Structures are given as structure tokens and as C-alpha cells.
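Structure record follows, encoded as C-alpha cells.
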Amino acid sequence: MIWIRGARLKTLPLAIAPVLIGASLAWHDAGQRRVVVAVLCGFVALLLQIAANFANDYSDGIRGTDAGRAIAGEQLSRGPARLVASGVNPKKVLAAAGICALAACLCGLAVVVLTGYWWFIAVGLACLLAGWFYVGGKHPYGYHYLGEVFVFIFFGLVATCGTMFALSGTITPDGLLGGSAAGLVAVAVLCVNNLRDIESDSNHGKHTWMTAMGRQNGTVFTIAILIISALIALHHLLQSSIYAANSIPLIAIITILCAAQIAASYAIARKTYRRALPLCSLDSLTVAAIFVLSTMLA
């Protein structure tokens with residue numbers, strides 16, 4: 001149970017959503033191996049996400065940033081419990097991160113072999129380095145206002161466009177828009193985390209956009225980028241010209257998207273961040289569902 005908590009399951013939809021978007025946009029142009037390659041891309045994203053979660057737990061734990069986030073005192077802590085803060089040996093947490101990273105690399109190599117795109121190895125290396133140096137190393141970029149930028153790039157553009165290129169050998173403007181939508185939701189989740197930890201981050205010298213904006217402006221910003229991500233998805237839906245003939249499923253998914261947006265925005269505004277995080281994750285899946293549905297009904 002403690003390791004499941006450490007994997008941060010609530011964040012995993014953020015890894016799946018961009019893969020779904022990229023796969024849906026490339027589906028009609030993909031070759032015979034499209035299912036295998038798409039599934040492997042999903043495993044790469046998931047395993048890298050879990051590896052990054054363990055690595056962040058390790059780095060923040062040994063720095064003391066996660067102090068007060070033990071499993072035993074979770075109800076009284078300032079946020080979800082963390083492994084190192086709960087007394088788990090930091091070396092074991094680091095080893096878990098390494099095992100997940102290795103599994104992601106193996107899945108990534110399988111994608112490379114199946115597609116023949118050997119330069120994907122460089123992309124994978126960049127993902128590994130981004131995951132580690134977010135809060136790892138002597139000068140983690142997550143402590144210097146760059147966490148949001150890298151999250152947008154890797155959880156949005158790289159994951160979406162990488163999947164799309166692996167399947168079809170091309171990246172379209174829709175791929176960039178879809179990656180932007182997924183990336184914005186991922187940034188919103190990070191902002192929710194940083195809003196929750198704003199006082200602790202300031203005390204430990206962790207500089208984020210939320211510590212710079214303050215709680216009030218940061219709340220407005222977070223809600224705004226969630227809304228923008230939904231507008232991007234709806235723009236794609238309207239551009240697909242399928243809404244007239246398939247009104248019932250489209251109305252249903254738009255209703256779910258709006259409900260997720262409203263619920264997440266309300267939770268953020270009320271500072272109930274534990275509730276906001278899973279709602280934002282749901283929002284990422286509904287945004288992805290817009291792209292998937294538009295492909296299925298085209």
C-alpha cells in the first residue's frame with residue numbers, strides 16, 4: 001500500500017492523456033503495428049511518470065522539503081504522504097525510480113525497433129534527465145521557476161507529438177494543439193500542488209510560479225489554464241465537422257468536460273486541493289476523450 005501511494009496514482013492520467021491524443025490524431029495514418037506501438041508508448045509514459053514520482057519523493061525527502069508528510073500522520077500533514085518522509089529508506093525509493101525508468105527504457109527501445117526512428121533514443125534520454133533534474137541534483141530546475149515550463153513540454157508536446165510521430169511519421173498542427181491542451185492540464189495539476197505547498201516551498205527556497213504569483217493570483221492563473229485547455233479541445237471538435245451527425249455522444253462528452261472543469265475550478269477556488277488534484281486528472285482524460293471521439297466519429 002505504501003508503495004502504491006508513493007507512485008501517486010492520481011497523477012497517472014496525466015501520462016495517459018497525451019498518448020491517447022497523439023494516437024487518436026495519427027490513427028488513420030498509422031501502419032499495421034499501430035496497436036502495439038500505441039500501447040508501448042502508453043507504457044513508456046506511465047513508467048516514466050512513476051519513475052519521476054519516486055525520484056521526486058527521494059530528492060524532496062532527503063532535502064527535507066517533504067517534512068511532515070508521513071503516512072502515519074497523513075490526516076494532519078500539509079499534503080499527501082511521501083515515502084521518504086514516512087521513514088522508507090531513501091535508497092529503496094531511488095532504486096524503485098531506477099527500476100521504473102529501466103522498464104520505460106525497454107518499452108521505448110521496443111518502439112524504436114518497431115518504428116526505426118533511432119533518434120527517439122535521444123528523446124527518451126531527454127525525458128529521463130528532465131524527470132531527474134526536476135528536483136534532483138545540485139541545481140534542480142523545479143526550484144527555479146522552470147518546473148511548469150518543462151511539465152508543459154514533456155507532459156504535453158513531447159508525449160503527444162512523440163506518440164503521433166511514432167504511429168504516422170508526421171506531426172500536424174492538431175498534434176501541437178492537442179499537446180498544448182494536455183500540457184496545460186499537467187501544468188494546472190502542478191500549480192495545484194504548488195498552491196497547496198506554497199508556504200513550505202517558500203521556506204525551503206523552492207521557487208515556483210505559485211510562490212511568485214501568490215495564492216490569489218496563482219488560483220486565477222490555474223483556473224484560467226484549465227479553461228484554455230478545454231477551449232482548445234472544443235476548437236478541435238468544432239473543426240472536425242462531425243458534431244451535426246453525432247450530437248448525442250458529443251453532447252455527453254462536452255457535458256462531462258464542462259462538469260469536470262467546473263468541479264476542478266470550484267475545488268481550486270475553495271482551496272480544497274486534495275479534491276482538486278483528482279478532478280484535474282479527470283479533466284485531462286475528458287480533454288483526451290474529445291480528441292479520441294472526434295477520430296472515432298470522423
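The values are calculated or read from the model by the stated rules, or taken from the named source; none is laboratory data. Here the structure is a predicted model, which is why all the values come from computation and not from measurement. Every residue, glycine among them, receives a Cβ derived from its backbone with ideal geometry; neighbour counts consider all protein chains shown. For accessibility, only protein heavy atoms count, side chains too; no ligands or nucleic acids. Shrake-Rupley method; radii C 1.70, N 1.55, O 1.52, S 1.80 Å.
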Margin query: I'd like the distance separating the alpha-carbon centroids of the range 50-64 and the range 143-198, in whole Å.
Written below: 21 Å
Next item on the list: Round to the nearest 10 and give me the degree value, 0 to 90, for the angle of helix 13-26's Cα axis relative to the longest principal axis of the chain.
Entry: 20 degrees
Check: Using modelled backbone amide H atoms (1.01 Å from N, in-plane), which distant-in-sequence or interchain residues come within less than 5 Å of His207's amide H?
Finding: His144, Tyr145
Next item on the list: Mind checking the per residue accessible area of the range 132-228 for me, 1.4 Å probe, whole number of Å²?
Entry: 39 Å²
Note to self: With every protein chain left in place and a probe of 1.4 Å, what is the accessible surface of Tyr273, to the nearest 10 Å²?
What the structure shows: 20 Å²
Next item on the list: Return one number: the angle in degrees, 0 to 90 and rounded to the nearest 10, between the long axis of the Cα atoms of helix 34-63 and the longest principal axis of the Cα atoms of the chain.
Entry: 20 degrees
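Would you mind getting me the FRET efficiency between Ile256 and His28? Use the beta-carbon distance for r and R0 = 25 Å, nearest 0.05.
Details: r = 25 Å, r/R0 = 0.99.
For Ile256 and His28, the calculated efficiency is 0.50.
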Next item on the list: Return the carbon/sulfur percentage of the accessible area of the chain, one whole number, probe 1.4 Å, all protein chains in place.
Entry: 70 percent
Item checked: In the chain, lysine pairs closer than 27 Å at Cα, eight or more apart or cross-chain -> 10
Item checked: Simple spin-label estimate for Leu234 and Tyr145 in nanometres, 7 Å along Cα-Cβ -> 3.2 nm
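Taking K and R as +1 and D and E as -1, what net charge do the other residues with C-beta under 14 Å from the C-beta of Gly183 add up to?
-2
If packing is taken as the average number of other Cβ atoms within 10 Å across a peptide's residues, how do 223-233, 208-218 rank, most packed first?
Values: 223-233: 19.6, 208-218: 16.7.
The densest-packed peptide leads the list: 223-233, 208-218.
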Margin query: Quick check: the angle from helix 273-296's long axis to the longest principal axis of the chain, C-alpha only, nearest 10 degrees?
Written below: 20 degrees
Checklist line | Whether the range 140-292 is rounded, prolate or oblate, judged on the alpha carbon gyration tensor where a/c under 1.5 counts as rounded | finding: oblate
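Per 0.36 nm of contour for each residue apart, how much would the distance between Ser202 and Met296 grow if the chain were fully extended, relative to their Cα-Cα spacing?
Working: separation 94, 0.36 × 94 = 33.84 nm, distance 4.64 nm.
That works out to 29.2 nm of additional length.
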Next item on the list: Would you mind getting me the FRET efficiency between Asn217 and Ile153? Use the beta-carbon distance for r and R0 = 25 Å, nearest 0.05.
Entry: 0.60
Notebook entry, point to check: For semi-axes √(5λ) of the Cα gyration tensor in Å, the listed values are [x] 34, 20, 18; [y] 31, 24, 15; [z] 27, 24, 19; which was obtained by calculation from the structure presented?
Noted result: [y]
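Round to the nearest 0.05 the FRET efficiency obtained for Ile99 and Val35 when R0 = 22 Å and r is the Cβ-Cβ distance. Numbers along the way, then the final one.
On the way: r = 26 Å, r/R0 = 1.19.
My answer for the efficiency is 0.25.
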